[in-house]
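These notes are about the structure you will find just below.
The values are calculated or read from the model by the stated rules, or taken from the named source; none is laboratory data. Here the structure is a predicted model, which means the values were calculated and not measured. Positions of Cβ are generated from backbone atoms using ideal geometry, with glycine treated the same way; all protein chains shown enter the neighbour counts. These accessible areas exclude ligands, DNA and RNA; they are computed on the full protein's heavy atoms, side chains included. Shrake-Rupley method; radii C 1.70, N 1.55, O 1.52, S 1.80 Å.
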Amino acid sequence: NNNNNNNNNKKFTYATQQVLRDSLSSNDKPSKYVPLKELGFPSSLSLFVTNLLDCGWGEFRPDNALPSLEAASKDLHLLLLDPDRFLFDRMIPGHNQRGGGGRGAGLDLDFKQNKVYGRERERSLISDVFCRVSFTGESEALFIEGFSGSGKSSLVQSVVEYIDVAGAYMIQKKFDEISQERPMSVVIAAFDDLCHSMSKNNSPQELHAIVVELMQVFGAQLSALVRLLPSVAMIMPNMNAQFGDYGQDAEINMTSVYFILQLFARVISSKLHPIMIFLDDLQWADSASLDVLQHILSDIKGESCVFMIGSFRSNEVNEDHPVITLINCLERWNVRLSRLHLDGMDIEGVNHIISDALGTFPRICKPLSQLVLRKTKGNPLFVLECLRSLVDRDLLHYSIRERRWVWDTDIISRVDITDDVCELLSVKMIGLLEKTQAALKI
């Protein structure tokens, strides 16, 4: 981080010196009061200096005047920390950046990919549970609930890379609306994928030790394991027997599946390599899959080291739903579990998204963020869609003259964008092809 900051500081200093040289070498002497951006300085720096000067107006100072030294320090920190976003102006092909009016047609909002906003506490909770599982060797479950678009999947994805580096066997699967027609298929596929994670996280010697233990534990039932989880054969290259698919083998009944997966989890999981399984959209999970998870997590021998994260839409799950039944069963078996409900983001989270997307100081775009928060209830997906809707309606646009995004909060507040955030997506879906709309209705 220090190296990145030093590079950014050098980049900022060089750019500033270059602009000063260009200005001083000009034959035309500037008048006494010339906006810095007319001398070629970035618009953000020009705005910052203007807001500093505005402080001298006392009680008559404009709304954008810097209110404190702390606020000025935060602005400077952003300029140095992320100069490409907050310091340097966006380049628009075909336009002279030092002059001209008009709007930056076709310039997109610059959303940060794979970044989770306003969920620091929730990310810490996931990390803490994983560390506890790794330390104690006892299985735990974490259930994340919230409305569609609240960022459940993104939240888990934001910590996956750190957990993967820690040596966990990481697997992710997603239920869908037809999962009920294929009982246990999602969970079985998840455990089948474990073999790939095992190959990545273990040396050849460690894999050999696992294979030996699997052979000892399963004995004559090893063929049933390979039929159920075909990828197990990839860590057993010397096995010559070929087995049919599980779906074609009548001998492997539901009880056998519970037993085989439970034994498999016992053998391969440990404090050094716990299993972390993330199952998304549990509201569509079949009862058999949830029963398998209950057997694995509540293993009476306590030899499995599994961290299961399940997410579901809270508005689609009632007290009689199988997910709630699973939660109640785990509590009765004294399995440690946590529940996390994702509400909408607060004003700071929404403002952070908008500030990054526009490359504008947070204090400047906060009035816009308050309007967006009111219309979206802080739902991350709807915040993004609301911003895109404002751009589509030309209520938010990039000004070539100002070299930054501009808007009028008074106009936006009077326009009925939507009070029902679901309409934001509905309007977009109406513009899709009929075949695409039909697919989304399935």
Revision key, fill the gap. What the 5 Å binned alpha carbon P(r) of region 141-201 shows, as percent of pairs per bin from 0, is 3, 15, 19, 22, 22, 14, 5, 0
Check your understanding: Residues with amide H under 5 Å of SER399's amide H, sequence separation 5 or more or different chain, H placed in the peptide plane at 1.01 Å from N; which?
Key -> GLY104, ARG404, TRP405, VAL406
Exercise for review: Enumerate by residue number the GluC sites (Glu not before Pro) in region 303-335 meeting two conditions: DSSP loop (anything except H, G, I, E, B), and at most 12 other Cβ atoms within 10 Å of the site's Cβ.
Suggested key: GLU319
Study note, to complete from the structure: Given unit charges at Cβ for Lys, Arg (+) and Asp, Glu (-), the dipole magnitude of region 345-404 about its Cα centre in debye, nearest 20, is 180 debye
Point to revise | Rounded to the nearest 10 Å², the accessible area of SER154 at probe 1.4 Å | key: 70 Å²
Exercise for review: Whenever you get a sec, line up TRP333, TRP405 from highest to lowest accessible area (probe 1.4 Å, protein heavy atoms).
Suggested key: TRP333, TRP405
Revision key, fill the gap. From most to least accessible, 1.4 Å probe, no ligand or DNA/RNA atoms counted, ASP110, ASP343 line up as ASP343, ASP110
**Study point:** Of LYS200/LYS271; LYS152/LYS377; LYS115/LYS174; LYS115/LYS200; LYS174/LYS377; LYS271/LYS301, those spanning more than 19 Å from alpha-carbon to alpha-carbon
**Key:** LYS115/LYS174; LYS115/LYS200; LYS174/LYS377
Revision key, fill the gap. Karplus-derived 3J(HN,Hα) from phi for region 136-150 (6.51 cos²θ - 1.76 cosθ + 1.60, θ = phi - 60°), whole Hz, x at Gly and Pro, runs 8, x, 9, 5, 9, 10, 10, 10, 10, 10, x, 6, 4, x, 7
Point to revise | Calculated from backbone phi, Karplus (6.51, -1.76, 1.60) coupling profile of region 330-338 in Hz, x at Gly/Pro | key: 5, 5, 5, 8, 6, 7, 5, 9, 10
Exercise for review: Starting from the Cα coordinates of region 247-362, work out the convex hull volume and express it per residue in Å³.
Suggested key: 184 Å³
Revision key, fill the gap. Dipole check, region 312-377, charges on Cβ (K,R +1; D,E -1), about Cα centroid: among THR325, SER338, VAL350 the Cα furthest to the positive pole belongs to VAL350
Practice item. Calculate the radius of gyration of the Cα atoms of region 340-424 to one decimal place, then report Dmax, the largest Cα-Cα distance, as a whole number, both in Å. Key: 12.4, 46
Check your understanding: Using modelled amide H (1.01 Å from N, peptide plane; none on Pro or chain starts), what sits under 5 Å from the amide H of ILE309, excluding residues fewer than 5 places away?
Key -> LEU142, ILE277, PHE278, LEU279
